[in-house]
Amino acid sequence: VQLSPFAAERSDGDIFDAGARPARSFAVERADPKAVLFEAVRDYLEGERKSGRKTAVAAFTQGSADRLLNVLRERGVSDLRRIADGRAFEALPSSAIGLAVLPVEQGFATEDMVLLGEQDILGDRLARTARRRRNLDQFITEATALTPGDLVVHADHGIGRYEALETLDVAGAPHDCVRVLYAGDDKLFIPVENIEVLSRFGSEDAGVQLDRLGGVAWQSRKSRVKQRIRDIAGELIRVAAERQLRPGDVLQPPDGIYEEFAARFPYPETEDQLNAIADTLTDMAAGKPMDRLICGDVGFGKTEVALRAAFIAAMAGLQVAMVVPTTLLSRQHFRSFTERFAGLPIRIAQLSRLVRAKEARWVKDELAQGRIDIVIGTHALLAKDVRFSHLGLLIIDEEQHFGVAQKEKLKRLKADVHVLTLTATPIPRTLQLALSGVREMSIIATPPIDRLAVRTFVMPYDPVTIREAIMRERDRGGQIFYVVPRIADLDEVRERLREIVPEIKYGVAHGRMAPSELENVMSAFDERAFDLLLSTNIVESGLDIPSANTMIVHRSDMFGLAQLYQLRGRIGRSKLRAYAYLTLPERKKLAATAQRRLEVMQTLDVLGAGFQLASHDLDIRGAGNLLGDEQSGHIREVGIELYQHMLEEAVAAARADGDAQQAAAEEWSPQITIGTPVLIPEDYVPDLGVRLGLYRRIAGLLDRREIDGFAAELIDRFGSLPREVENLLEIIAIKRSCREAGIEKLEAGPKGAVVSLRGNRFANPTGLIDLIQRNAGTLRLRPDHKVVCLRNWEDAKVRLAGVSKLAQALARIARDAAAHADAALPKLAPVPAKPQPARRV
């Protein structure tokens, strides 16, 4: 079988690019490039049909088939007939061309037949450009929107309270600024292009006091935390280095058979999934013990990463242990691994409460002898009498469910082996380790094709609504989970169900049932013997029952945030819309943290929200002391985002074994005043929250390519860019040049611009002096250590372009500074760096 010629020709830039996107060369020469495309398709089909081969076209959906039918007929393709299956294709006369709906994107050709796919004709069905792999801490920034009243932290001024987004008149032009309230009713206005100097403090805390502008308390507190963080970072690096110095098994995928094993995966891999697999394979082949965290939402394909890693280790003759938190999850993974490894010389066993004592003894003996390749089990695998002949890979699934004592046992088990940890909602400490760069992490945030987000409702218990939800799910042929927080609640809820839905068949499951009884109940539910499963949170981890798409949680205020998210992940695993009802007791006032958990659950009802939820959990609970058993860390003193940034800086400095890299990485934000309107107008983006989120994203844009991409996104979402938004994006580009050049402040007006250098230092003073001399009369150095540019910039648009060119020129000179790195300007005395840009009222 070979690829259809259309695929090959399209990849070479031939006319078939016109289908995927307008082919520019043909758009110049011809009025309708698609007409040329379909005429070529017609000629190809006619030629294949005349050669005696059976010919067909495959569309991905019925709608696509209808469109292709009409277009091809308009272009003169004769005798085009719909076919429903293989038999209809066999019966198709040689003079006709078939049209079928098939899940085939690219076609193929054999000696007897040709199948042309929709993608062969029209180009990629879903074109997704490769995304830049961002720093992981940016996920926290995206997950945490500011709302009025939130506590925020300014890098130089400390803890304040965000009040509003306000438009001020700056240098005669409107300018959006973030208003922050400090102690003594002082107000600070931060220009939106400098919004990155603000970070969220974290969850609301009644004991937190606002700092005073100009006071020394914040700086001394920040300095103390920095020192503690340096100590933590040094210890973290030492622990990580010890592990890295140990030799590890070099494991590489066996040629041929690995590709065959991967091809058994019945779904197309998502981009993130492929990245996670590639990261894991690279780690396993590096000759050092792997310690990678795979953070992926429920149902996003983490198990496939584990399967491929287990295949490589087992085929290399090493043993693989997969530790899971519950017997039900152990049972499910055992089934999945057994089916996937069928026909391969790999022996797989299970060790959990569901395994009889005699079989468990046999499994332990076989593991010690090295005759079992892969074992899947609960914490029973951590028992003292479990020994391995040559353990090469340890997989930890749903790590957040293991307690401190179990994790200590896992640490002893994983001393020199490759470790792969899978989780949808990492515990705060694990997330903090990954974000700080001490532990490697891959994120699977791309949802599978056709997956729909679960609709979540938080409400007081209402029997009418509950009955309607249950009956609606049953009537569409689905099943229901009804989850209670305690075994003691089961009888009460069972009685309620008998009253409101007497016609429903249901089963009961909880952790104190005999293993065989629990196994029978779960198997019966899986085989659809009854409609509703009434259970405790024993169903929380990993169960995959696609027909169950409604969940009711009794007393949802008694569950933790990660628990609720994991429970909700049991539904919505097919192409149907799923519904989760989080019920509360009537007329009961909830605790503030419980209220916040439920608000987060209702807000994060989008696909791939597991990492965002984990960052909210990090926000609510704190990361804890990363090296000890205390569950209170330093986040409360400086706020989650600033703490994260300080930890990253400290880890980088510890790795560099000095403070130079830390100083180089120090964050600061140039202040730019040009007298042009800089804002996103309210009539362009009416929603305040969206506007503020856009400002935070804009502040993080790194280069011109990203700025242009963001501009294209704004045009796609909101329409043509207003002049004010164009100015804002240009200011961001100028800001990046200013950072490269070391420009702390740049002020421009109708007569020119004044440039203030950070610390009165420039990376290439010789180049700067040469630039000034070559532009005598336009550029000069003032006695107050500022560079002045004299120009006639009455027009604001011309002024913006001129300032951009000036900043770019200085940035170019600064980059050319190999011989003069960090040298001071002649006759200029260094002065302390000024505080971050802000305007005080």
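See the values below:
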quantity	calculated
Highest average packing first - 253-261, 365-373, Cβ atoms within 10 Å	365-373, 253-261
Residue-normalised accessible area of region 220-375, expressed per residue, 1.4 Å probe, Å²	44
At R0 = 25 Å, FRET efficiency that the Cβ-Cβ distance of ASP489 and ARG587 yields, to 0.05	0.85
Net charge over other residues, Cβ less than 9 angstrom from the Cβ of ARG371 (K, R count +1; D, E count -1)	-2
Region 446-546 - percent of accessible surface contributed by carbon and sulfur, probe 1.4 Å	49
Accessible area per residue, Å², region 461-569 with all protein chains present, probe 1.4 Å	39
Charge sum, other residues only, whose C-beta stays under 13 Å from PRO460's C-beta, Lys/Arg counted +1 and Asp/Glu -1	+1
Within-9-Å neighbourhood charge of ASP112 [Cβ basis; K, R +1; D, E -1]	+1
Overall form of region 251-300 per C-alpha gyration tensor (a/c, 1.5; a/b vs b/c)	oblate
Distance histogram in 5 Å bins (all Cα pairs of region 660-769, percent per bin)	2, 10, 19, 21, 17, 14, 9, 5, 3, 1
Computed label-point distance, nm, for sites GLU260 and ARG512 using a 7 Å Cα→Cβ extension	5.1
Greater than 23 Å apart at Cα, pairs in LYS222/LYS735; LYS187/LYS589; LYS187/LYS735; LYS222/LYS786; LYS735/LYS805	LYS222/LYS735; LYS187/LYS589; LYS187/LYS735; LYS222/LYS786
Prolate/oblate/rounded label for region 441-580 (Cα gyration tensor, a/c 1.5)	rounded
VAL208/ASP169 FRET efficiency (R0 25 Å; Cβ-Cβ; nearest 0.05)	0.15
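The values are calculated or read from the model by the stated rules, or taken from the named source; none is laboratory data. Because the structure is predicted, anything quoted here is derived from the model rather than measured. Glycine gets a Cβ as well: all are built from the backbone with ideal geometry, and neighbour counts include every protein chain shown. These area figures cover heavy atoms from the full protein model, side chains too; ligands, DNA and RNA do not enter into them. Shrake-Rupley method; radii C 1.70, N 1.55, O 1.52, S 1.80 Å.
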